[in-house]
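Every number here is computed from the coordinates shown, using simple stated rules; none is lab data. In this text the structure is predicted, and so the values were computed from the model without any measurement. Reconstructed Cβ throughout: ideal geometry from the backbone, glycine too, with neighbour counts over all protein chains shown.
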């Protein structure tokens, strides 16, 4: 307990508080239910000070309070009771069962609110949902659990980023991800690098660093009404994460959580042809050493000279994926020590995560230290919160375009090619001299072992997230609160192409360091449930906020190593360096007032004004600020009206909100120039820095949202339905109006984007069986969001986003269409829809490449989840099925599998022996059905590679996302041990794809988390995980 | 209650006392960037970017142009120019890089000079260089954005119109003339990566470029061609190999400093000397042979070891027909030509002499056809050692021997003149491609006379154009459509205006 005293002392010093006088007394009592049975774990709070404790195993509590103060005693499932401290009062209470579970959720600015007062939709997920079946990126554990929140990983392996979208995309090209707030402090979620059309690796995002074991709860504020108080940064919704505190602990508690998970690729849907061997022109005689070419003759076991000059049987060599990807492993161990007293609590934790990805040479080692402390001193209470996170990542896998992407060859090698023959004399894909053991005469087709083992991309991220807040209860209804938080990290990355790579023989590398910090300071003044008259209460506050972000980076790069294999930038022939700096600030004033009538009708209004540094420029005429408001109403019908008994609770809610956003990037208002590179023969090189045409008059966008909802609970709360309809519109989105590159620029900035989203969210809970020994619950959630691009720019022309490496398609915003159309080349068809072909001299039909058109949409409108929890005595079983529907994907893997003949679609039912039958029309419109000779089939399919339509798939799926089987060791077994609680669970993630409308690849295989969704190009397989989780408390 | 009032007063004081955007205008100025530069800083950049990076030199120059004109050949099927197949991105690579890099920068320079009221050498050089940049683009693609291009910021034009090639040519010629007239006593100083501040050489280059552009029009508009050619010649063109327009590249420190072709040589071993070009060199007993060619397998430059690769054959087809592998054949001699620090040549004195020979033959110029031809051949041979340090010098005697053995056929000299032009523009592939299309010389057989490559895009014809990027369809649809409807389908075989 010495530690606790020291913390007390520290907080005293921190607060510089002195000279308070107040008369406190220790009171104690017993809390029982209506039958007089003690209630352990009931919450006891002094309303005026927020001091709190919980009852012990026997229902007893003790707490300090002054005369005249009130104490609220609450317990889940029971009505909260309030008693006033006074002479001779009886502090033993018995609670009455509540008809409504008094649910408390964390809302904006960390304020806990009873759900019934909320005029908007908030979904809270308990930490146990995240702690048990862990993901290296904690937020992935929410997938499928919250209606209206779309969570998509990408095929970047365990270290990858996650795209989270709430109620649709609200910005055409700006950030669409929510604001993450951890213990009251907004944190940075910048993606530090990802793959694009030319390849690359995912360098992770900000939220992935959080330790899943430390999460107490996650609250998702979906709509603008919920988010207005966080300002423009919250225009895409807010995810509030509360980490575990030391509250409710008797004395000192030690908690140990250990989990181990094993990953494999058993669920990878790749199903290539295994009948025809390597070769071109329907022969084994490969004219070039192209190990991807699946155009050989049927495998016949004959001895054929292969790519490396070695003759081997021309036969199926087995599944190269299984040979290349090995078992992934993740170990997460957390130790936490908690302690609490009547006036404060503290929790310290240490966690270690070690992950070995399924691809060779890719690991993550994460160490997290955290401390949460809370202390009350009279009318002051202080929270201090500190997290230190160290991520050490080795070998971020490259995705998309070929060089260095090990996933490429693994899927394309012809069946007569064995990846295990490619290790090379030097091992790990090298020759004896350490250079690449080439497996193709195309220098861009990398030996996969070499790509995984010799390419390097390692990073270290050291991060501190800290906050301190002080609350001063000025009177019993008025308080002031100040809060300061910082999120700062240093990120260092070393990446490069090794010496001896076929396409870049002398290699290259870069070193970069980035420091980024975000500071938030808030000061606000508020009232707590101030009763104006009997039936009227007011909860209100006003505040100011300052948010400041800066980042500074330095980099050094070099190409052509002088001493082979010495990976140091100084050891390169050509060196370059870079420096970057940017900063921005938002200042805000905000206020909120909630008026409650009879504790059954609640009206909440908010207003906020944001000033943006990013929109400030001397001489600018358009405003650099925006004022926006929200109003929401909650009507608890069941408290106002006599409803049939079957209805235990009914609430209607409605909200309207505005929120500004989109002004996240500095320095976009004017044209600037830079001196680039290092000159040439003494002359310096200067040029325009802007790739986009600047616009000095841009303003923030404004998003308006309306939502209505119904919260209905039936049969004694055993069946509940929560339904929401919302409709939002973003006006004046800052868009890069597409410009022809012949203008010199790729785009021009303007406030011209308009986008709407409309949707429904449905959450159903059913408690089918409720008894002492057996509980059975079902949950179902469903969301359907329809987006529409209303305006892209003044001319209504298309707004182009990213393209895949085939460059025959672009994710494009098209007026009148949904967000992110997949706009690419199509088959040229006649009026009857028949494919038009060019007929070659030998009669071979080759399909014509038709115009670009809308081939699909990369964002699935429908997402759903279905889950169940069962408990029999101490045994519990839960599962979650999750799915998406209605979207499409461009699959580069399938496009190239067809190009190279690995795809089964390139083979007729009777094989290639008799050719390949094609029907269509020729250029004159004459219909034909003809058989392409076996040696010309590849020419047909090579052309289809130019036709994006051929590689478009519906991206619908249903996945058994997770299953856990848990056992809580009964208390009587532990009675004579030092363990107070123990739980063991078997867990599984991504167990099966119950349905998948994409061929050969996982439907969630996009290569980045940008706005250009729906692009797939040789990503990592999505692994299946099986594991064990143990939680012990001492 | 006093406490409450105090708190409220303090809080409202905080609110009202705040200037909520104090310091924001200063904060939003990028501390790492400049509001404007000395224009000379921009010249060096635009020269290097015109020389270009690996990207377009690999694709538009080597993979397409060098293969089409049968300077080179390759068995790798992604060398699409050898098989007349279409790779959109390769075909559009100069267009894709030329506008955002070269055009954007030269238009910015001219805008700055105009704003600053500069009308002497800097403006003259800028106008000549702008014409140089655009002539390569229009020669490859035909009608292109010209009068409205590169002005996204300057004039807010996001979707530039495509100008007809005829109008572009008329304007480029006038611009060169105007630019030459502005060349004065001032220089670009150290930023003049082409002529190191020698304004007289800029004048000669301006006239030589004018001559190149003028002669380009012989098929389309002979009268205009004649008028401008005469103006160019009388203005004074390049007079020796000292006047060659080129950039000396260096091996780094950055990619921009390197010769784009040199970077391709470093990255790609698939290019070979075409059988067509090899036979020309061998048949003439050309002293350039061991300088330009070396056997792929061992770098040998011994004449007996050098074989040209037939065009249009994949490795399998080559092996099937000739029983050879690709390493058997000669490649461009990387020891001489292939360095990162090799010069990138824009126009040579030799070319000028050949154009003058043609002008003389047409009667547009009074000089001797034969003299110009001989001067051209001599210059083309002797420039190699002045441009490439590792090239053996070709002596006057060797030149004389060659000319004695290969005298100009004065009765029909065009084929020899332009075949020599073709040889002289080895590694200036854009120019070789344009001049071949105009003159038809040397006479090239599709696929070098080999079998028609199945799956080609041109119905077996030699391509005559590079296509427009697909992106123009979406980012500039009306203007793109107008250009296609005026010029013809966006294919490899549609002829540009001066090639009709």
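Here are a few things to note about the model shown:
- Computed from the alpha carbon atoms alone, the convex hull of segment B:279-419 holds 139 Å³ per residue.
- Relative contact order computed over segment B:110-170 (Cα-Cα under 8 Å; 6+ residues apart), in percent: 26
- For chain A, the relative contact order is 11 percent, taking Cα pairs closer than 8 Å that sit 6 or more residues apart in sequence and dividing their mean separation by the residue count.
- Counting Cβ atoms of other protein chains within 10 Å of each residue's Cβ and taking the mean over peptide B:454-460 gives 4.
- Counting every other Cβ atom within 10 Å of each residue's Cβ, B:79, A:198 order from fewest to most as A:198, B:79.
- Residue A:92-residue A:765 FRET efficiency (beta carbon distance; Förster radius 35 Å; 0.05 resolution): 0.50
- 4 °C / 1.567 mPa s Stokes-Einstein diffusion coefficient of segment B:144-216, Kirkwood radius on C-alpha pairs, µm²/s: 92
- Averaged over peptide B:317-328, the number of partner chain Cβ atoms lying within 10 Å of each residue's Cβ comes to 1.
- Chain A: calculated mean residue ellipticity at 222 nm from DSSP helix runs of at least 4, using -39500 (n - 2.57): -1500 deg cm²/dmol
- Cα point-scatterer Debye curve for the protein assembly as shown, base-10 log of I(q)/I(0) at q = 0.05, 0.07, 0.08, 0.09 Å⁻¹: -0.47, -0.86, -1.07, -1.29
- In this label model, residue A:868 and residue B:368 are separated by 10.3 nm, measuring between points 7 Å along each Cα→Cβ vector.
- Measure of compaction for chain B (Cα Rg per 2.2 N^0.38 Å): 1.11
- Legend: mean number of C-beta atoms from other chains within 10 angstrom of residue C-beta atoms, peptide B:146-154, equals 5.
- Among A:514, A:627, a tally of other beta-carbon atoms within 10 Å of each Cβ gives an order, fewest to most, of A:627, A:514.
- Largest first, the extents of the alpha carbon coordinates of segment A:884-1025 on the three principal axes equal 88, 37, 22 Å.
- By the count of neighbouring beta-carbon atoms within 10 Å, fewest first, A:859, A:470 end up ordered A:470, A:859.
- Per-residue packing, averaged as other Cβ atoms within 10 Å, sorts the ranges A:150-156, A:427-433 into the order A:150-156, A:427-433, beginning with the highest.
- Computed over segment B:366-500, Kirkwood Rh from alpha-carbon pairs, angstrom: 18.0
- Protection proxy ranking, peptides B:487-498, A:893-904, average beta carbon neighbours within 10 Å, highest first: A:893-904, B:487-498
- Sorting the segments B:212-225, B:462-475 by their mean number of nearby beta carbons within 10 angstrom, highest to lowest, gives B:462-475, B:212-225.
- Angstrom value of the Kirkwood radius, inverse mean 1/r, which spans all Cα pairs in segment A:385-520: 18.2
- What the Cα convex hull of segment A:874-965 gives, in volume per residue, is 148 Å³.
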